[in-house]
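The values are calculated or read from the model by the stated rules, or taken from the named source; none is laboratory data. From a predicted model like this one, the values you see are computed outputs, not experimental measurements. Neighbour counts run over all protein chains shown; Cβ positions are idealised from the backbone, glycine included. Ligands, DNA and RNA are stripped out before the accessible areas are found, and what is left, the full protein with its side chains, is counted by its heavy atoms. Shrake-Rupley method; radii C 1.70, N 1.55, O 1.52, S 1.80 Å.
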Amino acid sequence: MSQTLTEGTGTGAADATSAATSKRRWWILSIIGIAQLMVVLDATIVNIALPSAQADLGFSDGNRQWIVTAYSLAFASLLLLGGRIADLFGRKPAFLVGVAGFAGASVLGGASTSFGMLVTARALQGVFGALLAPAALSLVNTTFTDAKERAKAFSVYGAIAGAGGAVGLLLGGVLTDALDWRWTLFVNLVFAVVAFAGGWVLLSNHRDAAGSKLDLPGTLLVSTGLFAVVFGFSNAETHDWSSPATWGFLLAGALLLTAFVWWQTRAKHPLLPMRVLLDRNRAASFLAVLITGAGMFGVFLFLTYYLQLNLGFSPTKTGVAFLPMMATLMVMAQVSTTVLVPRIGPKAVIPAGFAVAAIGMAWLTGIGMGSSFSTDVLPQVLLIGAGLGMVMPPAMSLATSGIAAEDAGVASATVNTMQQVGGSIGTALLNTLAASAATSYLVGKDATNKLVQAQSTIESYTTAFWWSAGFFAAGALIALVLYTRGKPAQDPEAAPVVHM
């Protein structure tokens, strides 16, 4: 069960439990980090393997996007439900079921003999990922209650969330080159065995919202609303924006999510209590995660294309090329969460991080067909990594800071939802804008000329980079306006949560 300590209540038992938790908390963080890395990298690890999978299973170019979309649709639409299930029924079972289910779906995907089997497996990965991801983040939030240790824990967690996409590209390239595309899915079994065993031994079960009930109307509204939004943006990649398959689903999603917000103000046991959203710093952090998710795809997606198709990098070398960005992101994650935000507050740090990332993206637009990685790509990605390291980890920490224990799961789910929906929006918008830029460049030119074709791809990449820079610049302005001045305050009435 879970108890909230107050003065003079259960002090002896609380001290003993607190001491036991204290000894294993960093081991718990390592297990949570492994599980979270498995979920995050799966958003990109399959991308590099797609051409090999397509050749093996024989599906069309038009169907290829569904290998990615099936995962994101299930994941985004069920995250809030997954977070509430963790609050209601316990984070340990939610974590373990999520890990085991994700591993099983990965094995099914790796053993696929048809396109339908692979798409089903990817959708199931999304379902179990939606249960696992919020449980993992809420476990970090409730395990680390000391301000300094919490900052360190979130610097690690945020670095994994920010750099996981690049890790996926690296691992996907290595596995595809050295073994087979199927191992980009089978590899999850390694992560899952470690995470499950560690979670079984180290985690204790706690049901902080056990007295509440599941909000079924709210669950239906938000799940269908998020599904419609992500599906609409996904259709924008294969349909025109004027197509009903695009704007119709986006409109339906907006209406359903509006109805969801209305219902949450009236429901007796709301799925997403409005108190979670009304804190100013928390709302700003949710938006920061959304914008970061949208802009990051300008780095991962189009820079991957540029390195492989224009500079001739292999999948493995492409993954290695992202390592410097990951390194700066991880360093700045530690600095921003443990040093900068505690001393000068998020209002200065997070807008500055967005500004640094925007400068890096704008600088990256200088690439050309004769560019060198060491001079025209490396300095820029180092700058982008530093900027993202100043944004993502602090925003994730602030998004769940001071939250009531019974709301930790759903608040964590909202963070993951923002990142996933941001990624879907970014992918759709940037792909559409990049394609339009390439088409516009070819007007009046010899489209059969290879040099002209190559330059048209450069135009598409740089357009995507400019828009990503615009996303980050907008993020800087929004963060500057919304975040409150001063250091983040610790709630003096918030008692440490001890899981028993």
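Annotations for the structure displayed:
- Here the chain has 68 percent of its accessible surface on carbon and sulfur atoms, given a 1.4 Å probe and all protein chains in place.
- Excluding ligands, DNA and RNA, the accessible surface per residue across segment 61-131 is 28 Å² with a 1.4 Å probe.
- Segment 270-393: Cα Rg divided by the 2.2 N^0.38 Å rule of thumb: 1.21
- R485, R275, ranked by accessible area, largest first (probe 1.4 Å): R485, R275
- Sequence ranges 419-425, 475-481, 125-131, ranked by mean other-Cβ count within 10 angstrom, highest first: 125-131, 419-425, 475-481
- Rolling a 1.4 Å probe over the protein heavy atoms gives segment 350-389 an accessible area of 31 Å² per residue.
- When peptides 319-326, 370-377, 51-58 are sorted by average Cβ neighbour count within 10 Å, with the highest value leading, the order is 319-326, 51-58, 370-377.
- At a probe radius of 1.4 angstrom, the accessible area of segment 186-343 per residue rounds to 45 square angstrom.
- The convex hull around the C-alpha trace of the chain, projected and averaged over every direction, spans 22.5 square nanometres.
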